[in-house]
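Presented below is the structure to which this report refers.
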Amino acid sequence: MQPPQQPARQATDRSLLSSPSWWQRNGSVVTLLLLAPVVSEVLYGSTRVSAIPALVPEIMCWGCGALLIRHFTRRWQKGWTSMMLMGLALAVAEEFVIQQTSIAPMVTVAQQPYGRVFGVNWVYFEWALFYECAWVVLIPVQLTELLFPAQRRKAWLGARGVAIASLFFVLGSFMAWYSWTQRVRVQILHMAPYTPSPQHILAGIAAIILLVVGAYLVPAPAKPAESRPAPPPWFAGIVTGVLGTAWSAFALISWGPGALPHLPYLWPLTVGLGWAACAFFLVRRWTASSGWSDWHRYALVLAGVAATMIGGVVFFAVDGASRLDWIGKSVLNLAAVAWLIWIGRAAKWRQSA
């Protein structure tokens, strides 16, 4: 007579119940892939409802780019300064190599160049550099890690995942390059074909390499300073919301629509650089303070998402948008706000930094 198999079966059942589901293992990856283009492009309105198929290459380019940046930041055990430098590298890649928006003649409402010197649209490039770094990488990564706090310190990709994400990033970058430079600019906007000079491409690649190397060499974050308490979450959110909204709306000048055609371009360049430096200094100081918690991170994310949505409303009003795009933006923005409020009410975050 064989002994009963019930204990072994019970152990097997417990093992199956304790094994993580597919979503628990991959939900953070999927979430970041979607949030990177949705936060930066869709909620802002640069990718409109009438052109929503453009979201596919954006997921491949922006999503995979943000995912790879987050992976190497965690694998190198670096902090958000390192992530910011690699976010800047991704922005340079977009502006000089992929869609080449910062070196090609601008597509503007007034059809006039503004701040274009030595073949570079400097005012627009400065805006895009920090906007894409913050709203493509930093904010989506923070939000994803808030949604998956147990995986915050982990590198979400293995060697195979890095290879797959890199492949899709290259493929999405090619799709974005072809759709913008060969189709939209030429066939839809009826602009002359543009071929960048080798010097501009090489300068962009050199900047990317320097930024990535700098991200690797940045020291690991130090322990929070006990003598410097963090500000209240509401205060941090309001300050970053004001800074972010102004930067999001700064696109009106950077695109050169004729809003301030007689303003010397060095003025917005200088003010913009100081504005970005101020935001960097404040956030760096706050995150290195004692008491910095997930509620502070949530406040920054909420303020950042609100800022891009408000800036997009201003951009729609000046640039013009169809009724479908206005309705689509309004619905998506309201849905995003409701979702973020629900996250804040339902989350049980750890209060440690």
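The values are calculated or read from the model by the stated rules, or taken from the named source; none is laboratory data. The structure presented is a predicted model; accordingly, all values stated were derived computationally and were not measured. Don't worry about glycine lacking a Cβ; one is built from the backbone with ideal geometry, like all the others, and counts go over all protein chains shown.
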**OP:** Just give me the residues in the stretch 46-81 being among the basic types (Lys, Arg) and over 24 Å from VAL218 (Cα atoms), in sequence order.
**Re:** ARG48
Subject >> Tally, over the stretch 44-70, of residues that are at pLDDT below 95 and over 14 Å from GLU132 (Cβ atoms) >> reply: 11
Original post:
Within the stretch 123-157, which residues are at pLDDT 90 or above and over 30 Å from HIS296 (Cβ atoms)?
Top reply: PHE125
**OP:** Tell me which residues, restricted to the stretch 271-280, are loosely packed, with under 15 Cβ neighbours inside 10 Å and at pLDDT below 90.
**Re:** VAL271
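Do you know which residues across the stretch 175-207 are aromatic (Phe, Trp, Tyr) and within 18 Å of THR47 (Cβ to Cβ)? Outline the logic, then answer.
Filtering the stretch 175-207 down to residues aromatic (Phe, Trp, Tyr) leaves 177-178, 180, 194.
Hits for the stretch 175-207 are TRP177, TYR178, TRP180.
Looking at ALA203, ALA176, can you tell me which residue is of a type in the set (A, V, I, L, M), in contact with a Cys (Cβ under 8 Å, 6 or more places away or on another chain) and surrounded by 15 or more Cβ atoms within 10 Å (Cβ to Cβ)? Can you show your working first?
Values: ALA203 fails: in contact with a Cys (Cβ under 8 Å, 6 or more places away or on another chain).
Result of the check over ALA203, ALA176: ALA176.
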Original post:
Scanning the stretch 149-170 for residues that are aliphatic (A, V, I, L, M) and not in a helix (DSSP H, G or I), which turns out surrounded by the most Cβ atoms within 10 Å (Cβ to Cβ)?
Top reply: LEU157
Original post:
Of the residues that make up the stretch 23-30, is at least one hydrophobic (A, V, I, L, M, F, W, C), modelled with pLDDT of 90 or more and under 14 Å from ILE139 (Cα atoms)?
Top reply: no
Subject >> Filtered residues of the stretch 321-348 (kept if in contact (Cβ under 8 Å) with a residue 12 or more places away in the chain and more than 17 Å from ILE139 (Cβ to Cβ)) >> reply: ALA321, SER322, LEU324, ASP325, ILE327, GLY328, LYS329
Original post:
Of all residues in the stretch 328-353, how many are of a type in the set (Val, Ile, Thr) and either under 19 Å from the mean Cα position of the chain (by Cα) or modelled with pLDDT of 95 or more (or both)?
Top reply: 2
Original post:
With (1) in contact with a helix residue (DSSP H, G or I) (Cβ under 7 Å, 6 or more places away or on another chain); (2) surrounded by fewer than 23 Cβ atoms within 10 Å (Cβ to Cβ); (3) of a type outside the set (S, T, N, Q) as the list, and CYS133 as the residue in question, which single condition is left unmet?
Top reply: (2)
**OP:** Within the stretch 210-249, track down each residue that is without any contact (Cβ under 8 Å) to a residue 24 or more places away in the chain, part of a helix (DSSP H, G or I) and over 30 Å from LEU43 (Cα atoms).
**Re:** LEU210, VAL213, LEU217
Original post:
Across the stretch 24-65, which residue is surrounded by the fewest Cβ atoms within 10 Å (Cβ to Cβ) among those that are without any contact (Cβ under 8 Å) to a residue 24 or more places away in the chain, part of a helix (DSSP H, G or I) and not hydrophobic (A, V, I, L, M, F, W, C)?
Top reply: PRO53
